[in-house]
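Some notes on the structure that comes next.
The values are calculated or read from the model by the stated rules, or taken from the named source; none is laboratory data. Only a predicted model underlies this, so the values are computations on that prediction, with no experimental measurement involved. We place every Cβ from the backbone using ideal geometry, glycine too, and count neighbours over all the protein chains shown.
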Amino acid sequence: MVVTAAAGTGIGFATARRCAEEGARVVISDRHERRLAESAEMLSEVTGESPLAVPCDVTDPQQVDQLFRTVVAELGSFDVLVNNAGLGGTANVMEMTDEQWHSVLGVTLTGTFYCMRAALPYLVKQGRGAVINNASVLGWRAQAEQAHYAAAKAGVMALTRCTAMEVARSGVRVNAVAPSIAMHAHLAKSADEELLNRLASREAFGRAAAPWEVANVIVFLASEYSSYMTGEVISVSSQHA
């Protein structure tokens, strides 16, 4: 299993940890090399050995291609890809800069495309596998100053559905999760506290999700328990009906 953006305290690391706990052989990737090494060390406490950790910037197609070449060279094959890399931000459309737009779309949507394009030939050739993309409820719902992020996540949803149809007969499944808000240390430091509290208060449970609660759904989609599911986007939220 390959998990992108797996360094730190967010959904990526929680997914890698939960999959390791379930017995999966996990490969983690991130562009932050120091945090990646720290995450590998923490995972070794679960697995008893240090996992393969490959630095990779998902906006660079050459690095992405090298990531999967390295995985196959080191392990022989892989069965699951979790595309977790994403970038947010806050900006009004009328004031949004080109850099803000392209940076969010570049990591969140184009990075997901690069990883799928590089990984799928391996999965299709072996006739099995699963891809799980990290989308967001904002792919469906409107929120001011989130047009770039929402557009990127809506794109991830469409990319998921269309690609699923292309590879279904090869035995490969492609699905996505769409969390509402999952609180972790990096998000708490990089986003406005008042906004985060307001968003969390809108949830039916009156709180944000913990990253492991989203990771549990990703584990389900990676497993044979979801063997008849493809092209689906699962909302992982407690929004009011």
* **Filter result (more than 23 Å from His102 (Cα to Cα) and not in a loop (DSSP other than H, G, I, E, B)) within the range 164-176** => Ala164, Met165, Glu166, Val167, Ala168, Arg169, Ser170, Val172, Arg173, Val174, Asn175
* To do: Under 7 Å between Cβ atoms, at least 6 apart or on separate chains: pull out the pairs that start in the range 103-117 with a residue that is over 17 Å from Val177 (Cβ atoms) and end on any residue that is buried (at least 22 other Cβ atoms within 10 Å of the Cβ) and of a type in the set (Ser, Thr, Tyr).
  => Val104/Tyr149
* Of Ala118, Ala6, which residue is in contact with a Phe, Trp or Tyr (Cβ under 6 Å, 6 or more places away or on another chain) and assigned to a loop (DSSP other than H, G, I, E, B)? -> Ala6
* Asked: For the range 87-103, which residues satisfy the criterion of being modelled with pLDDT of 95 or more and either within 16 Å of Asn133 (Cα to Cα) or among the hydroxyl-bearing types (Ser, Thr, Tyr) (or both)?
  -> Thr97, Ser103
* Looking only at the range 35-56, decide whether some residue is surrounded by 15 or more Cβ atoms within 10 Å (Cβ to Cβ), within 24 Å of Asn216 (Cβ to Cβ), without any contact (Cβ under 8 Å) to a residue 60 or more places away in the chain and touching a Ser or Thr at 6+ places or on another chain (Cβ under 6 Å). => yes
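Would you mention how many residues in the range 137-157 are in contact with a helix residue (DSSP H, G or I) (Cβ under 6 Å, 6 or more places away or on another chain) and either at pLDDT 95 or above or assigned to a helix (DSSP H, G or I) (or both)?
Looking only at the range 137-157, we keep the residues that are in contact with a helix residue (DSSP H, G or I) (Cβ under 6 Å, 6 or more places away or on another chain), and these are 138-139, 146-150, 152-157.
Applying the additional criterion that residues be either at pLDDT 95 or above or assigned to a helix (DSSP H, G or I) (or both) yields 138-139, 147-150, 152-157.
The qualifying residues number 12.
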* Asked: Residues of the range 20-29 being surrounded by fewer than 24 Cβ atoms within 10 Å (Cβ to Cβ) and within 20 Å of Pro55 (Cβ to Cβ), which ones?
  -> Ala20, Arg25
* Has the range 80-91 got at least one residue that is free of Cβ contacts under 8 Å to residues at least 24 places away in the same chain and either part of a helix (DSSP H, G or I) or of a type outside the set (A, V, I, L, M) (or both)? -> no
* Does Ala91 satisfy being surrounded by 16 or more Cβ atoms within 10 Å (Cβ to Cβ) and more than 20 Å from the chain's Cα centre (by Cα)? -> yes
* Asked: If only one of Arg35, Arg128 is under 22 Å from Ile11 (Cβ atoms) and of a type in the set (Lys, Arg), which one is it?
  -> Arg35
* Within the range 158-209, track down each residue that is surrounded by 15 or more Cβ atoms within 10 Å (Cβ to Cβ), of a type in the set (Ser, Thr, Tyr) and modelled with pLDDT under 95. => Ser180
* For the range 65-79, name all the residues that are assigned to a helix (DSSP H, G or I), in contact with a strand residue (DSSP E or B) (Cβ under 9 Å, 6 or more places away or on another chain) and either surrounded by 24 or more Cβ atoms within 10 Å (Cβ to Cβ) or not β-branched (Val, Ile, Thr) (or both). => Gln66, Leu67, Phe68, Glu74, Leu75
